[in-house]
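Participant: Handing you a structure now.
The values are calculated or read from the model by the stated rules, or taken from the named source; none is laboratory data. Note that the structure is a prediction, hence the values are computed from the model and not measured. Neighbour counts run over all protein chains shown; Cβ positions are idealised from the backbone, glycine included.
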Amino acid sequence: MPSVYELRIDELAAHLLGEPRYRVEQVWRGVWDEGLALEDITTVPKVLRQRLSETFPPALEVANEVASDLGATRKWVFRLHDGATIETVLMNYADRVTVCVSSQAGCAMGCTFCATGQAGFSRQLSVAEVIEQVMFAARVAAPRRLSNVVFMGMGEPLANYPVTVGVVQRLHEYRAMSARHLTVSTVGVAPAIERLAAEGLPLTLAVSLHAANDQTRDELVPLNRRYPLERLYRACETWIATTSRRLSFEWALIDGVNDTDQAMHELAEYAGGLRAHVNLIPLNPTPGYLVRGSGSQRVHEFRLGLEELGVNATVRNTRGRSIDAACGQLAAVTNAHPTRVTLRALHGGAPEAGSAPRQQADSHEAGQTP
Ligand code: SF4
C-alpha cells in the first residue's frame, strides 16, 4: 500500500503534478513538522486533501486503546491491512514524551521472559507501518511535542534491518530527531550491530543483555546460542569504537536467576570493560513465564552493588504495567497463539517441543542481511 511516509519530497511533488511548489512544501511540512494526518492539513484546499487521503490511506487501524497512570501512558493495538496486530505505547513524562514502537508483528527471538517472544513471529513491518506509529502517537501527544522514539516494542529491530535504518534516517532528516532521542534496542544480533555502527546513523544503542554468562543467557535469550557473549562483546566494542557513543545494557531482574551476587559481578565485569550504562528493569508478569521478578529491595541492592563495582546503573520506571504496556508484556493479550514456556527452559533443559521461537529465529534471521 502506498504511504506518504515512504516518499522523498521530489516523489511527493510527482504525486502533486500541476500544483505549485509551495503546495508541495505545505503538505511536506504538515506531514513531517506538524505530524498531521493528510486530511487535517488545512493549509491546502480540501479537494487536494481528499485526493491525498485516498491515494495514501492510513496503514494502521486502532483495534483497541488502553490508558493508565492517569492517562500519562497509553497503549494501542493496531490492526494492519492483512489482519496482523501490533502494539504501540505512548509515555508522557515531565521532561519528555516517548513512543515505544514495534518493528515486527510478533517476534522470532523467543526470549523466555517476554510475552511477544512467547507468541511467535507473524511478519516484518514496513517503514510506513513503523513511522505511522510515531506520527499517530505524536498527534495524540499534541500540544506536547513527541521527543523520543524507542524501538522497544514488539520485534527485534535489527532483524528488520533495512526498515529500522529507513525509519531512523527519515525521523532524523525529516523530523530533525537526534541520536539522544532515537534508541534502538537489540537482543544482540552481533553482525547487524557492526553493520549499524558503520552506517553513521544518529541513534543510541541499547543491548538487552539479561545475563553475562552463556549458560543462563542461552536459556533467557536463545539468540545467544548463535551469538554468544564473547561475540556480542566484540560487536559492542566495534559499536563504541566506530560511533564514539556509549551503549547501555538492559537487564530484566529475575528472582534467583540473574539477581544473585554472582550475576552482579559477571555483569559488572562485562559492562565495566565496555564502560556501558546498565538499565535495570523489574521484570513484569507474563502469562507463559513462571518465574518471578526480583523484589524491590533486591532491585535496590543490585543497583547499589553495581555502583560499588564501578558500573553506572539506573532502575527503569515500569510505567504501564497495569495495561500490559511495560517491557516484555506486549502481545500478552493480543496475539492468538501464546507459547507456554516452563521453568525447564530456564534451568538447563531445552524449551518445550512446540515452542517455535528458536526455529523461527533461525528462519527469520536467514532473511536479514547482517
Ligand atoms: S525481548 Fe525483544 S527480542 Fe526478545 S522475544 Fe521479546 S520482543 Fe523479541
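Participant: Look at GLY153 and say whether it is within 9 Å of the ligand (Cβ to nearest atom), over 12 Å from the mean Cα position of the chain (by Cα), surrounded by 24 or more Cβ atoms within 10 Å (Cβ to Cβ) and of a type outside the set (Lys, Arg). Outline the logic, then answer.
Facilitator: Details: within 9 Å of the ligand (Cβ to nearest atom): yes; over 12 Å from the mean Cα position of the chain (by Cα): no; surrounded by 24 or more Cβ atoms within 10 Å (Cβ to Cβ): yes; of a type outside the set (Lys, Arg): yes.
For GLY153, the condition - within 9 Å of the ligand (Cβ to nearest atom), over 12 Å from the mean Cα position of the chain (by Cα), surrounded by 24 or more Cβ atoms within 10 Å (Cβ to Cβ) and of a type outside the set (Lys, Arg) - is not met.
Participant: Of the residues TRP251, TRP239, only one is assigned by TED's automatic domain parsing to the domain that holds ARG145, out of contact with any Cys (no Cβ under 9 Å at 6 or more places or on another chain) and within 16 Å of the ligand (Cβ to nearest atom); which?
Facilitator: TRP251
Participant: Every residue in region 204-252 that is basic (Lys, Arg) and either under 28 Å from ASN317 (Cβ atoms) or crowded, with 20+ Cβ neighbours inside 10 Å (or both), please.
Facilitator: So in region 204-252, the residues basic (Lys, Arg) come out as 217, 225-226, 231, 234, 245-246.
Matches in region 204-252: ARG217, ARG245, ARG246.
Participant: Regarding SER53, is this residue of a type in the set (Ser, Thr, Tyr) and in contact with an Asp or Glu (Cβ under 7 Å, 6 or more places away or on another chain)? Break it down stepwise before answering.
Facilitator: Details: of a type in the set (Ser, Thr, Tyr): yes; in contact with an Asp or Glu (Cβ under 7 Å, 6 or more places away or on another chain): yes.
Criteria met by SER53.
Participant: Moving to a separate point now. Tell me which residues, restricted to region 200-224, are under 15 Å from LEU158 (Cα atoms) and in a helix (DSSP H, G or I).
Facilitator: Result: LEU223, ASN224.
Participant: Does LEU36 satisfy being loosely packed, with under 15 Cβ neighbours inside 10 Å, not in a helix (DSSP H, G or I) and not assigned by TED's automatic domain parsing to the domain that holds ALA138?
Facilitator: No: the conditions fail for LEU36.
Participant: If GLU301 passes every condition in (1) of a type in the set (D, E, K, R); (2) more than 16 Å from the chain's Cα centre (by Cα); (3) at pLDDT below 95 but one, which one does it miss?
Facilitator: (3)
Participant: Still on this structure, please answer the following. Please determine whether any residue of region 60-74 is part of a loop (DSSP other than H, G, I, E, B), of a type outside the set (A, V, I, L, M) and in the same structural domain as ILE254 (by TED's automatic domain parsing).
Facilitator: Applying the first criterion (part of a loop (DSSP other than H, G, I, E, B)) to region 60-74 yields 60, 72.
After this cut, where a residue has to be of a type outside the set (A, V, I, L, M) as well, the list is none.
No, there is no match, as no residue in region 60-74 is part of a loop (DSSP other than H, G, I, E, B), of a type outside the set (A, V, I, L, M) and in the same structural domain as ILE254 (by TED's automatic domain parsing).
Participant: Would you say VAL184 is within 13 Å of the ligand (Cβ to nearest atom), over 21 Å from GLY272 (Cβ atoms) and assigned by TED's automatic domain parsing to the domain that holds ALA252? Please lay out each step first, then the result.
Facilitator: Numbers: within 13 Å of the ligand (Cβ to nearest atom): yes; over 21 Å from GLY272 (Cβ atoms): yes; assigned by TED's automatic domain parsing to the domain that holds ALA252: yes.
Taking the combined requirement at face value, the residue satisfies it.
Participant: Hey, TYR174 hits all of (1) part of a helix (DSSP H, G or I); (2) within 16 Å of the ligand (Cβ to nearest atom); (3) of a type in the set (Ser, Thr, Tyr); (4) surrounded by fewer than 24 Cβ atoms within 10 Å (Cβ to Cβ) but one; which does it fall short on?
Facilitator: So the condition that TYR174 fails would be (2).
Participant: Something else: Go over the candidates VAL140, VAL168, VAL134 one by one and state the one that is within 26 Å of PHE56 (Cβ to Cβ) and more than 17 Å from the chain's Cα centre (by Cα). Please lay out each step first, then the result.
Facilitator: On the way: VAL168 fails: more than 17 Å from the chain's Cα centre (by Cα); VAL134 fails: more than 17 Å from the chain's Cα centre (by Cα).
Unique residue meeting the criteria: VAL140.
Participant: To continue, here is another question. Which of the residues belonging to region 1-21 are part of a helix (DSSP H, G or I) and at positive phi?
Facilitator: Correct list: empty.
Participant: Are any residues in region 99-149 away from the ligand (no atom under 16 Å from the Cβ), crowded, with 23+ Cβ neighbours inside 10 Å and assigned to a loop (DSSP other than H, G, I, E, B), and if so, which ones?
Facilitator: The one that is away from the ligand (no atom under 16 Å from the Cβ), crowded, with 23+ Cβ neighbours inside 10 Å and assigned to a loop (DSSP other than H, G, I, E, B): LEU146.
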